[in-house]
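The values are calculated or read from the model by the stated rules, or taken from the named source; none is laboratory data. Keep in mind the model is a prediction, meaning the values are calculated, not measured. We place every Cβ from the backbone using ideal geometry, glycine too, and count neighbours over all the protein chains shown. Keep in mind that these areas ignore ligands, DNA and RNA; they rest on the heavy atoms of the full protein, side chains included. Shrake-Rupley method; radii C 1.70, N 1.55, O 1.52, S 1.80 Å.
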Amino acid sequence: MSDNLEKIVSEICTRYGNDASRMMDVVRDAHARFGFVSSACADAIAAALKTPRVEVESLVSFYAFFAAHPRAKVVIRLCNDIVDVMHDGHKVWETFEQELGIKTGETTKDGAFSLEYTPCIGMCDQAPAALINDVVVTRLTADRAREIVRELKSGSDPAGLVKEFGDGNNAHELVRAMVVNNIRERGAVVFDAEDMQPGTGLKNALAMSPAEVIRAVKTARLRGRGGAGFPAGMKWEFTRESAGSFRTVICNADEGEPGTFKDRVILTERPDLLFEGMTIAGYAIGAEQGILYLRGEYAYLQPFLENVLNERRASGLLGQNSAGKAGFNFDIRIQMGAGAYVCGEETALISSCEGLRGDPKTRPPFPAQRGYRGQPTAVNNVETLCCVTRILEKGPGWFSQIGNGKSAGTKLLSISGDCKKPGVYEIPFGITLQQLLVKAGGADAIAVQVGGPSGSMVGPKDFGRQICFEDLATGGSIMIFGPGRNLLQVVQKFMEFFVEESCGYCTPCRVGNRLIKERLDRIIAGKGEKTDLAYLEQLVEMVKAASRCGLGQTSPNPVLSTLKNFRQCYEALLLKETGGMQPAFDLKEAVKDAENIAARASVHC
Amino acid sequence: MSEKISFTIDGVALEASPGQTILEAADAAGIYIPRLCKMKGLMPFGSCRLCTVLVNGRPQSACTQPAGQNMTVENNTEKLNDYRRSVIEMLFVEGNHYCPFCEKSGNCELQAMAYRFGITAPRYPYMFPDRDVDATHPDVMIDRNRCILCGRCVLTSKAVDGKNVFQFTGRGAHKKISVNSAAGLGGTNLKVIDKAAEVCPVGSIIKKRVGYAVPVGQRKFDARPIGSEIEEEKVK
C-alpha cells in the first residue's frame, strides 16, 4: 500500500519535474487521487520534491480545498455569501443537511459525502449555488437539493447533475456547465463582438517595438481593472526596466471578491482576447512565460482553457517565435488555486504560483522589481489584459475616448442581489449608481455594496455618485440590497468572511478582524452599548492602518462605511443608558461560572 | 562609496546608507522604534506590525521599509503609540499568557513591551484559545499558548542553523507554529545549541531545566525597559 502511494506520488512529482515550486499542482493532483493528503503522502511528496515535510503540511493546511484528513468522495461546498442568504440559501443548506443526516462541516459515516460552506464561488447572479466536487450547480431550491442528494446516492457522477447546459461556451463539450453568462449589456471593449478582429491586436503589437506598445497602453490611459487602478503601462515599464534573468506575466483570475463574477464570463466567452492580451504583455515587458492563476472554484473551466491554449500553440500564436515574431518565444501555463481569497492579492498570488502558502510578500520590493521566483513580474487583471488587446487592435485614441473623459474605457460590473436583472454589465466609466440601479431593475434599493466586502456600502444619498476611478472605484462587484434588508446582517457576513480568509501573517488582521466581529455580534445580539461604537472605530482605524496587505487594510471597510452611512442601524440596537450603570454588564452572567463552581446561587442577584 | 540618504524621524535629522531600513537607521541613531518580530541579524519578517510608522503620512512597517531621501517619518506619536498598544493587547488576548508563573517573565519581550507602554490590562476580551504543548524533545519544548507567531524561529532555523525545524501551518486564527516531523519537536534534528532554540521573544520555545536559573528581579528587563539599550546610543 505505502509502496503504491510512493509510486503514485513519485509519478505525480515527475510530471512537474520534481520541482518544489510546483507544489500547488503536485498537491492538487495527489489530492484528486487520494481525496486528501495523508501524513504518509506528505512525506512522499517531501521526499520526491526534496523539500521539508513541514513545507508540504504548511501548504496543504493553508488552502481550503486541500485536506490533511480523509474527506468524502463527494464534497458538497455550499456557497454561503450574503447574496445566497438573500436568495433563501438557508432552505437549501438545511435540506442538504436533512437529506444527508449531517451538519455542514461533517462527513457522512459511510464516507460518501462531506458538506462544507465556502465563500462566494462567483455565481451570485444565479444564487443559491454550490460546488459538488468541481461541478457547479446553480439556482438551487430545497426541492432541487433533495433531488441532487437522491441522484448522488443512487451512484450518479456529479457531472450527471447538470441536465441542461448554459448559454454560449458553457455548453462547450469541454465545459458542459449549467452556468449561464447573463451578459446584460455589451460594451465596445470586451463583449460587443461586432467589430472585433481576433489576432489584429497582437499583430499590430509585434510590428511595434516593446516601448511603443507600452506607450500605446499609456496613451490609452489604461488603469488596472482589479480595483486598485494602477496605470497598466507604468507597471509594464517598471517591469521591463527592472534587472532580472527572466520576466513573467501573470494574469490574476483569482476572482474572489464576493459578488464579482465578470472574469468568469470573460474566461468563458473571451479566452482568446485574454490570452492575446497576455501575449502582448509578454512582448512588451520581455517575458517568455505567462501564468494564468485560475481560482479553484473555476476548475470546471480548466480543460476548456487548456484547449484554447493548445489551439493557440497549434496556430503558432504561442511557443517558439510566437505569432511569427522571430526571437519572441512566449507560452502560458495555468496555475490552479485552491480556495484562498488572499491569493487575489498579487504578492500572495505569486507565493501560490511558487508552490508556497498564500502569504503576501513584503513590499518593497514590488513584483515589478522582484516577483515570481524573485524576478520582475507584471500581474494584471483578466479584464485589463482584454482591454490591452483591444487597445492594440483599435488604437489608444479609440479606447481613451470611451468613458467620462477622466477614466478611460468600459468597466465590467457584476451585479447581484435585489434586482430583476442580475448579471454582467459592460458600461463606459461615468455611469451613476442610480442609472445602474434602473438598468438592473433595482431602483428601490436601500443600500448598494460597491466593490464587494472590501469596498463600501453606499446609501441613497450617494446614488448620484459615478462609477469611475475618481469617484467610486471598484473591481466590479455591485450588490444591491432592497427594502427590508438587515444591513448589519450583511456587515456581519462580510466580517465573517474576512476572519475566515485572513492569512494570519500579521497581528492586526489576524486578531483585529476577530475582535471587530466579536463586538459587532454583540451589538447585533442586542447587548451592545454606546461605548462599543467608539471601541469599533478605534479597532477599524488601527486594523486598516497597521495591516500588512490589502486584505487587512480593507477588511474593516464594511464596519467603517456602515458606521458612517448607516449609523442609525447600530444606534437602534444599543442598550439604553441606565443611570450611570454599564447597561451591557450582566451581573447574573458574570457570576454564573462562580455559582456553578460553588454549586449555589448568589444571594445578590 | 555610496551616498548617504538624509531623512527625519519626528523632526530629528538622520542618515542612512542605501538599502538600510528605517528601523536600522533609527537604531544606529539611538531612536527606538518598538518591535517584536524583528531581530538583529535576521531578515525582517514584518508580522507583528509594532514598528508601524508614518512615512510621508502613510503607514509602513519600519523594519521592512528602506529609508528614502527626504522622507518624513513619524514614530513617537500618540496615535502610533495607541496602535502599538493595540498590537500588544491583541497578542495578549489572542493567546494564553500567564506572566506571573511564566519562566520567561522578566526576559519576555512581549511583557517588557507592555510595561514600556504602561499597559495594565487589555481593552479587548480574552479569547482563551485551546492550544497545545509539545514536550517531545529532550531539551527544548514548545508551548503554543504563548506563541505570538512572530516567525523568528522559522527564519533562524533556516538562515542561521541551516535546518528547517519550524514552519507555520494553518491560516488565520488557525495559524500555528509546526515542526518538521510527524513525531513532534523530538522527531526533528533540532539541537539545544541551535540558535533557533533561543530566539523566541516570549515563553513559547524554551529550554528545559534552566527556567528559573536567574531569579526574578535580576532578569533582563527587570532593571530597565525594553529599548533602553538602543536609546542609550543617543546619549553617547
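Listed by chain and number, the aspartates and glutamates whose C-alpha is less than 12 Å from the C-alpha of B:K195, apart from same-chain residues fewer than 8 away, are B:D161.
Compared with the dominant principal axis of the Cα atoms in chain A, helix A:210-219 is inclined by about 50°. Normalised by the number of residues in region A:184-400, the average gap of Cα pairs under 8 Å and 6 or more apart makes the relative contact order 33 percent. Quick check: the angle from helix A:2-15's long axis to the longest principal axis of chain A, C-alpha only, nearest 10 degrees? Approximately 50 degrees, to the nearest 10.
Taking every pair of alpha-carbon atoms in chain A, give the share separated by more than 36 Å as a whole percent. Roughly 38 percent, once rounded to a whole number.
Can you list the GluC sites (Glu not before Pro) in region B:91-151 that are in a DSSP coil and have 12 or fewer other beta carbons within 10 angstrom?
Working: sites: B:E94, B:E103, B:E109; in loops: B:E103.
Filter output for region B:91-151: empty list.
Cross-linked pairs A:K420/A:K493; B:K158/B:K220; A:K544/B:K158; A:K361/B:K163: Cα-Cα separations exceed 30 Å for A:K544/B:K158.
Only aspartates and glutamates eight or more places from A:K576 in sequence, or on another chain, were considered; those with a Cα closer than 16 Å are A:E529, A:D532, A:D586. Derived scalar couplings between HN and Hα for region B:33-41 equal 10, x, 7, 10, 6, 6, 9, 4, x Hz in order, rounded to whole Hz, by the Karplus curve 6.51 cos²θ - 1.76 cosθ + 1.60 (θ = phi - 60°), x for Gly and Pro. Taking a sphere under 15 Å around the Cβ of A:L437 and counting the other residues whose Cβ falls inside, with K and R at +1 and D and E at -1, yields a net charge of +3. What's the angle, to the nearest 10 degrees (0 to 90), between helix A:39-49's Cα axis and the longest principal axis of chain A? For A:39-49 against chain A, the angle is about 30 degrees.
Sites listed here are trypsin sites (Lys or Arg not before Pro) in region A:538-584 whose DSSP assignment is loop and whose Cβ has at most 12 other Cβ atoms within 10 Å: A:K576.
Computed over neighbours whose Cβ is under 12 Å from that of A:K262, the net charge equals -3, Lys and Arg +1, Asp and Glu -1.
By the helix-only formula, in which each DSSP H run with n ≥ 4 contributes -39500 (n - 2.57) and the sum is divided by residues, chain A has a 222 nm mean residue ellipticity of -12000 deg cm²/dmol.
Here the Karplus relation 6.51 cos²θ - 1.76 cosθ + 1.60, evaluated at θ = phi - 60°, turns the backbone of region A:156-169 into coupling constants of 5, 6, x, 4, x, 6, 7, 8, 9, 7, x, 7, x, 6 Hz, with x for every Gly and Pro. Taking the centroid of alpha carbons for each part, region A:230-294 and region A:322-360 are 9 Å apart.
Using alpha-carbon pairs under 8 Å, 6+ residues apart, how would you state the relative contact order of chain B in percent? If you can, show how the numbers build up before the last one.
Numbers: 422 pairs, mean separation 48.0, N = 236.
20 percent.
Normalising the average separation of contacting C-alpha pairs (under 8 angstrom, six or more residues apart) by the number of residues puts the relative contact order of chain A at 13 percent.
Using the heavy atoms of the protein chains and a 1.4 angstrom probe, tell me the accessible area per residue for the protein assembly as shown in square angstrom. Please report the intermediate quantities before stating the final value.
On the way: 33600 Å² over 841 residues.
Result: 40 Å² per residue.
Counted by Cβ distance under 10 Å from B:C150, the other residues give a net charge of +2, where Lys and Arg count +1 and Asp and Glu count -1.
So which of A:K103/A:K439; A:K592/B:K38; A:K406/A:K517; A:K325/A:K394; A:K527/B:K38; A:K203/A:K262 end up more than 31 Å apart by C-alpha?
On the way: A:K103/A:K439 40 Å; A:K592/B:K38 43 Å; A:K406/A:K517 38 Å; A:K325/A:K394 21 Å; A:K527/B:K38 40 Å; A:K203/A:K262 27 Å.
Listed pairs above 31 Å: A:K103/A:K439; A:K592/B:K38; A:K406/A:K517; A:K527/B:K38.
Listed by chain and number, the aspartates and glutamates whose C-alpha is less than 20 Å from the C-alpha of A:K218, apart from same-chain residues fewer than 8 away, are A:E237, A:E241, A:E276, A:E383, A:E393, A:E470.
Assuming R0 = 25 Å, what is the FRET efficiency of B:A28 and B:R123, from their Cβ-Cβ distance, to the nearest 0.05?
Numbers: r = 34 Å, r/R0 = 1.38.
So the FRET efficiency works out to roughly 0.15.
Do any trypsin sites (Lys or Arg not before Pro) in region B:151-212 lie in a DSSP loop with no more than 11 other beta carbon atoms within 10 Å, and if so, which? Provide the component values of the computation, followed by the final result.
Details: sites: B:R152, B:K158, B:K163, B:R171, B:K175, B:K176, B:K191, B:K195, B:K207, B:K208, B:R209; in loops: B:K163, B:R171, B:K175, B:K191, B:K208, B:R209.
For trypsin sites (Lys or Arg not before Pro) across region B:151-212 that sit outside H, G, I, E and B with at most 11 neighbouring Cβ atoms in 10 Å, the list reads B:R209.
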